[in-house]
Amino acid sequence: MLHIRSVFADSQGRIWIGNNGIGVLLFHGDSVINFSDKNGLIHTNSSKNGDISPVGTLEHVFAIEEDSEGNIWFGDRDTGAWKFDGKTMTNYVIDTKLLTQMIWEIYEDKDKNLLFAMGNGGIYKFNGKSFDKTF
């Protein structure tokens, strides 16, 4: 079943769809691909539903944003933040002290600060390498 949690149109006209179970779908032109599956980010034993995802997977995407440099960011319910620079996927843990890495929203402000709203409360700002709690 298609449990859509986010939809984002990027600067290149691509439509990114965050799903709660099957990851990220990418619609461009007349084609749709499962971006998570294509990049090996679906666990081999995944039930593709609401089960907890292991580290290294991108299966439960609740937030999508493009930063000012053209990177596409994904916020996963279980595995934290992911950055796609057009070639490489990089996974970030927001804060090891949090009970969950669930990201509800990603937003770039007018000063180009990338902000992450967490499921258990709190806003974190990306400092280029890691995340600082802002409130």
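The values are calculated or read from the model by the stated rules, or taken from the named source; none is laboratory data. Fair warning: this is a prediction, and the values are worked out from it, not measured in the lab. Ideal geometry is used to build each Cβ from the backbone, glycine not excepted, and the neighbour counts take in all protein chains shown. Remember, those area values only see protein heavy atoms, side chains included, never the ligands or the DNA or RNA. Shrake-Rupley method; radii C 1.70, N 1.55, O 1.52, S 1.80 Å.
Summary table
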quantity	calculated
Heavy-atom accessible area per residue - the chain, 1.4 Å, Å²	55
Normalised convex hull volume, the chain, alpha-carbon set, Å³ per residue	106
Local electrostatic count at M89 - Lys and Arg +1, Asp and Glu -1, tallied over other residues with Cβ under 11 Å	+2
Pairwise centroid distance, computed over Cα atoms, of region 52-73 with region 10-25, Å	9
Net charge, F8 excluded, C-beta distance under 15 Å - Lys, Arg +1, Asp, Glu -1	-4
Region 71-135 shape via C-alpha gyration tensor axes, a/c threshold 1.5	oblate
Where I42, I33 fall by accessible area, highest first, once all protein chains stay in place (1.4 Å)	I33, I42
Members of K38/K112; K110/K133; K38/K133; K112/K133; K83/K133 lying beyond 27 Å, as alpha-carbon distances in this model show	K38/K112; K38/K133
